[in-house]
Amino acid sequence: MFSPFLLVFITALVADGEKSVMLDYHQMKELRDTIIQKNGRNMELFQFYRKASENYPSWQMPKPEHFQRKPKQGEEVWFFNEDEIWWQTGIVGNMTKGSPEHGVWLAQVTPTQWPGNGGYTADYQRVIYPDKKRVSWQSQKACDLGTAQKEVKDPIMGKRLFNIAKSINEDNVYAYLGLMRWFINRKQWKSAYEMFQGCLKVEKRWFLPYMYAGIIKRKQGQAKEGLKQDPTEEFKTSLRHFKEAMELNPGSIEAINNLAHFYYYIDKNHRKSCFWHRLLSVFDKEKTRNVQHLTQHIEECEIVQPQYDHEEL
């Protein structure tokens, strides 16, 4: 049986599916666990959970120091990356006339992280005019330039820029994240995990470092498997980090996809992998365009899930 809280919210969903759905951490966990336990396949419930995940008050980087004036086309700006929930640097392009809030405008942006001929973002981003004398701007711009070095195949310069960013502002978590990614790309798992621990010393509420920590431990476990060694500890830690990332930002496509991937390929738990794949399927297709084989996973779930209908977890 569903708990009274779930019955109330499910009734509200059926009555008016367009209403704003706000659930706290415990309510979302209960809903998630109940759907998995009941082997649920009612897509209205997944839509309901999706709306709750998108409305969840995840921690995000506060607005950095800035001026109130409206940027002009071609000027550098802070813009808010919705996927990473982090303020990054770029150059402003077309802008809307209105302002969603005081001192914030909507514009297409060329992120500093993109190559020189990368064009502008398709969507309009929130932008603010930077105070370039602040270390927050200088450090983040160094980070973004470091990320851009991957496109021009200059990894040594990339690492140098991340270290420069860290030296400018030791409280910029993104500098540690950039080095974390750098070490992951070179399969230097121990050094990458040390950068994860550096992230946590500065900020424990941002989901992204946990997601990459899960990838590190998953890769370490797979390496152990290849050597015929026991990967249990690494896989256990990997799953914990993936769950932490999802709980901190339940609407993140990447966080959800990592859990779906883990349960399908590592844990071989089809009941749980189907929950996460079905959840991915109710998000906007543009958001899930980089999720591999999603249609095939859903088709497989239609075949395998009925056999679990009368099984207890």
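Do we have any residue at all in region 227-246 that's under 27 Å from Pro62 (Cβ atoms), touching a residue at least 40 places away in the same chain (Cβ under 8 Å) and under 13 Å from the mean Cα position of the chain (by Cα)? No, because not a single residue in region 227-246 is under 27 Å from Pro62 (Cβ atoms), touching a residue at least 40 places away in the same chain (Cβ under 8 Å) and under 13 Å from the mean Cα position of the chain (by Cα). Pairing residues of region 62-76 that are closer than 15 Å to Lys97 by Cα and without any contact (Cβ under 8 Å) to a residue 24 or more places away in the chain with residues that are surrounded by 10 or more Cβ atoms within 10 Å (Cβ to Cβ) and not basic (Lys, Arg), at Cβ distances under 9 Å and at least 6 apart in sequence or on separate chains, gives Lys72/Val92; Lys72/Met95; Gln73/Ile91; Gln73/Val92; Gln73/Gly93; Gln73/Asn94; Gln73/Met95; Gln73/Ala107.
For (1) at pLDDT 95 or above; (2) aliphatic (A, V, I, L, M); (3) assigned to a helix (DSSP H, G or I); (4) farther than 27 Å from Lys70 by Cβ, each residue gets a yes or a no:
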residue	(1), (2), (3), (4)
Gln113	yes, no, no, no
Thr121	yes, no, no, no
Arg126	yes, no, no, no
Tyr129	yes, no, no, no
Lys133	yes, no, no, no
Trp137	yes, no, yes, no
Ala142	yes, yes, yes, no
Val152	no, yes, no, yes
Ile156	yes, yes, yes, yes
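The criterion of at least 2 residues that are modelled with pLDDT of 95 or more and either closer than 18 Å to Pro250 by Cα or acidic (Asp, Glu) (or both) is met, among helices (runs of 4 or more DSSP H) falling completely within region 1-98, by 25-37, 43-55. When Pro57, Pro115, Pro62 are checked against the criterion of being in contact with a Phe, Trp or Tyr (Cβ under 9 Å, 6 or more places away or on another chain) and over 30 Å from His270 (Cβ atoms), Pro62 stands alone in meeting it. Taking every residue in region 105-130 that is on the phi > 0 side of the Ramachandran plot and among the small types (Gly, Ala, Ser) and pairing it with any residue that is surrounded by fewer than 22 Cβ atoms within 10 Å (Cβ to Cβ) and in a strand (DSSP E or B), at least 6 positions away or on another chain, the pairs with Cβ-Cβ distances below 7 Å are Gly119/Thr110. Starting from residues that are under 18 Å from Gln220 (Cα atoms) and surrounded by fewer than 22 Cβ atoms within 10 Å (Cβ to Cβ), keep the ones in region 140-183 and report whichever is farthest from the chain's Cα centre (by Cα). Taking the candidates together, the pick is Phe183. Residues in region 257-273 that are surrounded by 16 or more Cβ atoms within 10 Å (Cβ to Cβ) and without any contact (Cβ under 8 Å) to a residue 60 or more places away in the chain: Asn257, Asn258, Leu259, Ala260, His261, Phe262, Tyr263, Tyr264, Ile266, His270, Ser273. Looking at this structure, is Val127 more than 23 Å from the chain's Cα centre (by Cα) and of a type in the set (A, V, I, L, M, F, W, C)? Answer is no for this residue. From the list Arg186, Arg134, Arg205, the lone residue that is surrounded by 14 or more Cβ atoms within 10 Å (Cβ to Cβ) and among the charged types (D, E, K, R) is Arg134. Determine, yes or no, whether Tyr210 is among the hydroxyl-bearing types (Ser, Thr, Tyr) and in contact with a Cys (Cβ under 6 Å, 6 or more places away or on another chain). So Tyr210 fails the test.
The values are calculated or read from the model by the stated rules, or taken from the named source; none is laboratory data. Keep in mind that this is a model prediction, so the values were computed, not measured. Note that we place each Cβ from the backbone using ideal geometry, even for glycine, and neighbour counts take in every protein chain shown.
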